[in-house]
Amino acid sequence: MKVLLIGGSGFIGSFTAAALVKSGHDVTVFHRGKTSMPEGAEEILGDRKFLQDHQLEFRRQKFDVVVDFVLSSGRQALQLMDTFRGLTSRVVALSSMDVYRAIGVFHGFESGLQELPLTEDSDVRTSRNVYSPEALKNVRTVYGWVDDEYDKIPVEQAVLSDPKLPGTVLRLPMIYGPGDPLHRFHAVLKRMDDGRKQIIFADDVARWRTPRGYVENVAAAISLAATSTQAAGRVYNICEDESFGELDWARKIAASTGWNGKFVILPHDLMPKHLHWPGNTAQHLVASSERIRHELGYRESVPREDAIRSTINWERANPPAQPLTQFDYPAEDEALAQVKATA
């Protein structure tokens, strides 16, 4: 197949391109040229904002499927469908599990706890464009493609409702691995590497469960969905088959590093302010990826232990320029001392 990856040179896209090339597909990446190209792929230089300016090139190339990694809004999705209608057989849109109503409950946009696990048929948010301008500004420091209208729900609606151009929607989890711009392992790993003998968790955060996926495995799922014609018109969750809590993930990192310290669980009210989590942690975000496993035969190729080890190695070699999580060890020691004094 000839596959076009829009914004496909970033964290997830580079692994997806590699997976497609390895499977024998012809891959072209449409990007701004600010990052290196995945090996074995061709490129078209351009800006996502001016996609339609490249229609003649897209027509000449005759791509079988188009995968868009950087869709932010319904307006962008409509532009995508208008651009490629008649030029390709299918569009694949990368979405997010933040479309689910459960995410709205966690963030306080919606009321009432949602039933788990989250499947592709679970309720989506009733509220739209829920993120404040300030929140979007912060998000753009990591994901520059996010626009002021960010919301994946109208993205999905536009891609799945076109009568002439079939679409597929992939709802992604929290993704970890080499290149992770959010450095999801950093907060725990740095404390271990700094020689902390005790690492504290709030009781509610420790047990809060979320869907995750290792980037190479997520990329393999994207590649599979992009090249499977039976995926037309379908929505798929992509995530590991078990959703662990934050403490469980910390224990897995500890096992991989050989850290022999102790995790201490504190009541939420005794946690230092810099470790307070915003959100309703009573709403877990356990998700099911059974549909893509059953319909397309998806299986993870990289075992979790290897994925964790690879991520740790990358995190240690590439710490964030500015720590994304505040580290206030005196405040954490004070909280520990306070618990010991009342024990």
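The values are calculated or read from the model by the stated rules, or taken from the named source; none is laboratory data. Quantities reported herein were computed from a predicted structural model and do not represent experimental measurements. A quick note on method: Cβ atoms are made from the backbone with ideal geometry, for glycine too, and the neighbour counts reach across all protein chains shown. Protein only, heavy atoms only, side chains kept; ligands, DNA and RNA dropped before computing areas. Shrake-Rupley method; radii C 1.70, N 1.55, O 1.52, S 1.80 Å.
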On each of the three principal axes of the Cα atoms of the chain, give max minus min coordinate, whole Å, ordered largest first. 72, 42, 38
Any idea what the dipole of region 75-195 comes to, in debye rounded to 20, about its Cα centre with Lys/Arg Cβ at +1 and Asp/Glu Cβ at -1? 240
If you wrap a convex hull around the alpha carbons of region 1-44, what volume per residue comes out, as a whole number of Å³? 53
To check you understand DSSP bridge types, tell me what percent of the beta bridges within the chain (both residues inside) are antiparallel, rounded to 5. 5
Residues of the chain: accessible area per residue at 1.4 Å, in Å²? 47
What lysines sit close enough to Lys164 to cross-link, taking a C-alpha to C-alpha distance under 24 Å and skipping anything fewer than 8 places away on the same chain? Lys2, Lys49, Lys62, Lys152
In whole Å, largest first, the alpha carbons of region 156-205 cover along the principal axes 60, 28, 10
Let me make sure I get this right: for region 79-226, a, b and c are the square roots of the gyration tensor eigenvalues over alpha carbons, sorted descending. Under 1.5 in a/c it's rounded, otherwise prolate if a/b > b/c, else oblate. Which is it? prolate
Set Lys and Arg Cβ to +1 and Asp and Glu Cβ to -1, take the dipole of the chain about its Cα centre, and tell me which of Gln157, Phe201, Leu20 lies farthest positive. Leu20
In whole percent, the fraction of accessible protein surface over the chain that belongs to carbon or sulfur atoms, probe radius 1.4 Å, stands at 49
Among Gly108, Leu136, Ile44 the positive-end extreme of the charge dipole of region 2-150 (Cβ point charges): Ile44
Electrostatic dipole magnitude of region 174-271 [Cβ: Lys, Arg +1; Asp, Glu -1; Cα centre; debye, to 20]: 180
What list of ³J(HN,Hα) values in whole Hz, one per residue of region 192-201 in order, does the Karplus curve 6.51 cos²θ - 1.76 cosθ + 1.60 (θ = phi - 60°) give from phi, with Gly and Pro shown as x? 5, 5, 7, x, 5, 7, 9, 10, 9, 9
With no solvent and one equal point scatterer per Cα, compute the Debye intensity ratio I(q)/I(0) for region 226-335 at 0.21 Å⁻¹ and report its log10, rounded to two decimals. -1.34
Of Lys34/Lys190; Lys190/Lys273; Lys252/Lys340, which sit over 23 Å apart, Cα to Cα? Lys34/Lys190; Lys252/Lys340
Any GluC sites (Glu not before Pro) in region 110-191 that lie in a DSSP loop and have at most 16 other Cβ atoms within 10 Å would be Glu115, Glu149
Would you work out the charge dipole size for the chain about its Cα centre, treating the Cβ of every Lys and Arg as +1 and the Cβ of every Asp and Glu as -1, and quote it to the nearest 20 debye? 400
In cubic angstrom per residue, the convex hull of region 153-276 built on its Cα atoms measures 138
Kirkwood-based Rg/Rh on the Cα set of region 25-126 evaluates to 1.09
